[in-house]
Structure formats: C-alpha cells, structure tokens
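Engineer: First the structure, then my questions, so here it is.
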C-alpha cells in the first residue's frame, strides 16, 4: 500500500505497487499512520517529506468503485482524506510531491497539498475529472484549488475545462514548480531539493505554523478550524 | 435591443443596434429574460456566446436616463444597480459555459457584464476596457468589486482596472490577465474565434448543472454577495 523510508533527514513516503493508488480507507489509514510516525520522529523538525509513487499513477482519486458497492464508505473516505490533508498542512517540515504519474481528482488534491510539486514531463497529467464524470466537487477541494492555484484563468481551466495538465503546462499555469524528463529524474530532483532545504536549515515547528496560517481556509474546511483560530478536530460533516 | 438565437449547440445573445448598448431598466429586463430563456432551453453541450453590434459592447448604465430625473437621479441609479445584480447572478448560475465576444468598448457595468462570462475575447485593433467610475465620481457597488477580485488575480491588474482610470486596449488586457484573448483585428474575427471555442466546449457534452455548481464554487465570496447558494456540500457523492 505505502512504504516509508528515511534517507538522512529525508522521509520518503511512497504509494507502492503498480495500481491506481485509489484513496480507499485502508490506504488512507496507512498514509496517516506513516505521517504520524514522521511527525513523532525526534528529528522531524529538521527534516523534509517527499511523497511519490510506483507505476503509472500518483493517485487516480477516491475509490469510486468501492463507494458504489458500499455507499457507507463514502463519508469515511472523504473524512480520512481531509484528516490526511490537515495533517500534511500542519506537518512541522517542508513537503515535496514528486509526481511520477497521473494525479486525478482527490489524487490531484493530495499532490497539491504539498509545498512543492515536482513532476515528470514525459508522461502523466494532473486532472480534475469531476466535470467529465458528472461529479460535484467537495467544498474543501475548492479551498485547496483556490489557495494553491493563483490565477483565476488557471483555476477556471483546471475546474471548468477538466484540463489534462502535463508538467510543462502545469509550470506555465503555476500549478507545478518544475518539470523533469523522467520519473527517476523527478525523484532525484526532489531529493536534491530536500537536501538543499535541510542544508539551509529550517525550524520545522515555525514552518508548520506558518503554513497553517497560509492555508487556514483549507483547515477551516477540513477539520473545522474556525475563523478565530481555535480548532476543534472534527472528522465528519461539512462546514456548509 | 437584444436577441437570442440558437445555432446548433450555441446560444447567441446579441446586443443589437449601433448605439452604446447602455443598461437601462428595460435592457436589463430584456437581457435577464433572454438569459432565463437560454437556461430553460439548455441541454448537455449548450454554450452561450454574448456579443454586440457596432462600436460598443456596452458603455455601462444609462446615466442620461438617471440624470433626466433631476432630484430623482440617485434613486434611478440605485434602481439600475439593484436590478443589474440578478443579471450577473444569472450568468454565474447559467448551466452552460459562457463566452463574451467583445465587438467594441466595454465600460463600467458593461465591463462587469463581460467579466461575468467564463471566457472573454476582445479585439486587438479596437475597443477598450474602462472602469469609468473613478473618473466620474461614482462609488462601486459591492458586487462589481467582488467580480473584479474573483476574476482578476493580480493586485496590480486590479489597481489598473479600478483605480487608474485607464482605457485598457486588448494586448494590455491580456497581459494583465483580465481577458483571455485579443488576437483578432475585427469583430467578425472575435466572434469566429469564440464560436470555435464554443463548439469545442459543446463537444464535451458536460452536465450543465454540474458545470454551474463547479463554476460557483470557484467564486464563493462573489456568490455570497449575489445570494447564489453554494451547493457543493461535501456529500457522500464521491
């Protein structure tokens, strides 16, 4: 499902295996448990997280087939992803998504929940598929999109044309930080970036707090952080 | 005043006549009615293209009509501002992609009308965008600023649009991220380009309700001002 590796000060979290890495409750639990391990590691505030994947997909989104066959799993899937994204936003270290395959819908949101998005240009695209498959988009997804994609025209293109955004297009749109010629090069670049960040030195706790304040609107939607800043962790329901 | 035509999947809304297409209570009511018509006839793959005849797309509210009331001028202004809000709301709510093909100048509420569309194309050779309010001493309705903030991303662009009194030509408008294209040297060229875009969007056969819902969720602040309910509750609808 997913693996966690430590290389010096770099944590490498990988969605393993050749499948679509659909975000079902089991994978989400596994990811959260690994994030918790990272958070409680004693060197966490001087480290960097890199998230990547095996195979053709970074993640193809929620496990819609599972939700269809067992509708009671829809709410837990959504709430587990919200909690994971909230965990990533409050993580006391910089985070890098090394996108080595397709990232769609919830998978796109997972990638965007990282501070840096590095992506291969030879294959794969970012894709908010909802318009093409007649799905409503959760409000909290829109909070991520609004906060991470700066240009209104780019947001419109992503959400209202269901654009299949390749790495180079993503760089142009301000969605992707940088593009590389292969999966291996993308991961290498993420490692180099991670090492550079570690070298520069960073107080992870301060970093995490600053990121939370930048992405406060997402936290409001994911864990019910209210406007006054006091938080109540809620795993169910919507603020709307 | 204005007409609605259907060409295949495309609804064509035209501000007719060679005048300034100023928004007056009657024009506002007409436009609103035609938008409602388009909405009621929409199917998967519908697209709206809005354009005008002559030198002007629209030069804003009918200030002369307001002023002709003497002491009642302010009342008439308020009436126009208030009755125009549902036009903007109707466009934000329309269950199909919307494209503004600017044949000419767009000023004040005329520019707001244009910006309420998903895509805005203007001419390269002629026509300007102009928020005249700062020059004529009129405060901006909240939903005008809301629209600019929603659609125009950069602080510099917003300042140029709202605070500089500048008349922005096509190339500058593209550079500032206010319009999507200013590539054509004639009104016909602009309309052709928008029809081409319209057809490629129509070919996707998107569900209009889903499209409108996602569009509104892009602009939550603006929708609040327009009393458009956000309907993207996190649901079991994964």
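The values are calculated or read from the model by the stated rules, or taken from the named source; none is laboratory data. No experiment lies behind these values; they were computed from the predicted model shown. Every residue, glycine as well, gets a Cβ built from its backbone with ideal geometry; the counts of neighbours run over all protein chains shown.
Engineer: Which one is surrounded by the fewest Cβ atoms within 10 Å (Cβ to Cβ), of the residues in segment B:197-227 that are facing chain A (nearest Cβ under 7 Å) and either at positive phi or touching a residue at least 60 places away in the same chain (Cβ under 8 Å) (or both)? Let's see the steps before the verdict.
Structural biologist: Just the residues of segment B:197-227 that are facing chain A (nearest Cβ under 7 Å), to begin with: B:206-207, B:210-211, B:213-215, B:217-218.
Keeping just the survivors that are either at positive phi or touching a residue at least 60 places away in the same chain (Cβ under 8 Å) (or both) gives B:206-207, B:211, B:215, B:218.
Numbers: B:206: 24, B:207: 18, B:211: 26, B:215: 24, B:218: 22.
The residue in question is B:207.
Engineer: Let me spell it out: the conditions are (1) surrounded by fewer than 22 Cβ atoms within 10 Å (Cβ to Cβ); (2) over 14 Å from the mean Cα position of the chain (by Cα); (3) more than 22 Å from residue B:90 (Cα to Cα), and residue B:140 meets all of them except one. Which number is the exception?
Structural biologist: Result: residue B:140 fails condition (3) only.
Engineer: From B:146, B:170, grab the single residue that is crowded, with 17+ Cβ neighbours inside 10 Å and within 14 Å of chain A (Cβ to nearest Cβ). Break it down stepwise before answering.
Structural biologist: Details: B:170 fails: within 14 Å of chain A (Cβ to nearest Cβ).
Answer to the check: B:146.
Engineer: Restricting the search to segment A:136-153, which residues are in contact (Cβ under 8 Å) with a residue 12 or more places away in the chain, facing another protein chain (nearest Cβ under 7 Å) and closer than 21 Å to residue A:65 by Cα?
Structural biologist: Within segment A:136-153, A:137, A:138 meet the criteria.
Engineer: Identify the single condition in (1) crowded, with 19+ Cβ neighbours inside 10 Å; (2) at pLDDT below 95; (3) farther than 23 Å from residue A:220 by Cα that residue A:134 does not satisfy, given that it satisfies every other one.
Structural biologist: (1)
Engineer: So residue A:110 ticks every box in (1) within 12 Å of another protein chain (Cβ to nearest Cβ); (2) in contact (Cβ under 8 Å) with a residue 60 or more places away in the chain; (3) within 24 Å of residue B:211 (Cα to Cα) but one. Which box is left unticked?
Structural biologist: (1)
Engineer: Taking the stated definitions as given, is residue A:45 surrounded by fewer than 24 Cβ atoms within 10 Å (Cβ to Cβ) and either modelled with pLDDT of 95 or more or in contact with a strand residue (DSSP E or B) (Cβ under 6 Å, 6 or more places away or on another chain) (or both)? Walk me through it before giving the result.
Structural biologist: Numbers: surrounded by fewer than 24 Cβ atoms within 10 Å (Cβ to Cβ): yes; either modelled with pLDDT of 95 or more or in contact with a strand residue (DSSP E or B) (Cβ under 6 Å, 6 or more places away or on another chain) (or both): no.
So residue A:45 does not fit the description; no.
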